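Right, one structure below, let's go through it.
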Amino acid sequence: MWDYSEKVLDHYRNPRNVGKIDNADLIGEAGSLACGDSLKLYLKLDGDKIIDAKFQTFGCGSAVASSSILTEMIIGKTLDEAKKITNKDIAEELGGLPQEKMHCSVMGHEALEDALKKYYGDSIDDDLPQDTADKIVCTCFNVTENQIWEAIKVNNLKTVEEVTNYTKAGGACGRCKSTIKDIIDTYWKGAPKREDVHLTATQKILKISKVIEQQISPELQKDGGDIEFIDLDGNKVKVKLTGMCQGCKNSRMTIKTFVESILKEKVDSNLEVVQE
């Protein structure tokens with residue numbers, strides 16, 4: 001018998017925000033009845049702020065609890081804020097889930113991500129190129145290579161059993177286990193991220209702009225500074241510091257390191273930041 005936290009039991013016995021929003025602005029789905037678990041998430045917006053969220057799910061108590069807590073987590077948040085929520089955040093908000101039930105938190109995250117795609121487009125999945133995003137690895141549970149890669153990255157997974165617990169991939173016939181092992185080995189051997197290999201110069205510029213705008217600039221603005229993307233020359237990212245950052249000579253190397261580390265992680269590990 002699995003050991004559930006009191007919060008999991010509470011949200012299972014008294015789920016919040018169950019139902020359907022008839023005039024929902026965004027709808028996200030994850031799982032399927034054929035796989036044993038399914039979730040439909042409805043969002044109502046006021047501008048870019050989520051003012052209501054409801055869910056319908058078919059699954060175990062962990063699936064109900066994960067869906068319930070997710071709606072509480074996102075109501076009142078902007079879409080940009082909701083986009084940063086991971087399955088790990090959902091599980092932690094519940095006080096933890098048994099490893100064998102972590103796929104329920106993943107399903108909640110996937111439903112949220114699916115809903116946000118309607119707003120942002122496919123760019124929300126740009127951590128992996130689109131030619132692999134829909135490649136099915138586990139046909140029993142319809143799990144894609146992208147989902148497995150993302151689960152490994154977010155949750156620090158290192159074994160096939162852990163991947164199965166988080167995604168259900170490999171949990172039925174088991175024929176895909178060798179492929180899952182290859183994906184794990186590729187990730188942890190430090191092989192170049194696939195987006196590094198596949199991105200064209202134009203795609204790289206667009207992705208750099210997006211990361212700077214959505215992740216780096218907001219952090220610098222907290223201290224009265226900002227950053228402007230000037231140009232990309234090969235792997236050299238030319239930027240200009242503005243505001244408080246412009247005159248803060250002593251911290252420029254720290255800022256450069258901060259900016260460079262994020263761009264290396266999110267875009268291309270070969271990038272170098274150059275300040276104009």
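Every read-out reported here was derived from the displayed coordinates using simple, explicitly stated rules and does not represent laboratory data. Predicted, not measured: the structure shown is a model, and the values here were computed from it. When we count neighbours, we look across all protein chains shown, and the Cβ atoms used for this are built from the backbone with ideal geometry, even at glycine.
Charge tally around Gly47: other residues with Cβ under 14 Å, Lys/Arg +1 each, Asp/Glu -1 each, net -3.
With N set to the number of residues, divide the alpha-carbon radius of gyration of the chain by 2.2 N^0.38 Å and report two decimals.
Values: Rg = 20.2 Å, N = 276, 2.2 N^0.38 = 18.6 Å.
Compactness ratio reported: 1.09.
Could you tell me whether the stretch 4-82 comes out rounded, prolate or oblate from its Cα gyration tensor? Rule is a ≥ b ≥ c as square roots of the eigenvalues, rounded for a/c under 1.5, then prolate if a/b exceeds b/c, otherwise oblate. Since a/c reaches 1.5 but b/c is at least a/b, the shape of the stretch 4-82 is classed as oblate.
Between helix 61-74 and the chain there is an angle of about 40 degrees, using the helix long axis and the longest principal axis of the Cα atoms. Counting Lys +1, Arg +1, Asp -1, Glu -1, what net charge surrounds Ile180 among other residues with beta carbon under 12 Å of its beta carbon? Its environment carries a net charge of 0. Dipole magnitude for the chain: about 260 debye, using +1 per Lys or Arg Cβ and -1 per Asp or Glu Cβ, origin at the Cα centre. Would you please give the FRET efficiency between Asp25 and Asp233, computed as 1/(1 + (r/R0)^6) with r the Cβ-Cβ distance and R0 = 41 Å, to the nearest 0.05? Computed FRET efficiency for Asp25 and Asp233: 0.50.
Filter the cross-link list Lys40/Lys118; Lys7/Lys266; Lys222/Lys266; Lys54/Lys118; Lys40/Lys264 down to pairs whose alpha-carbon distance in this structure exceeds 24 Å. Result: Lys7/Lys266; Lys40/Lys264 exceed 24 Å.
Relative contact order of the stretch 199-275: 28 percent, from C-alpha pairs under 8 Å at least 6 residues apart in sequence.
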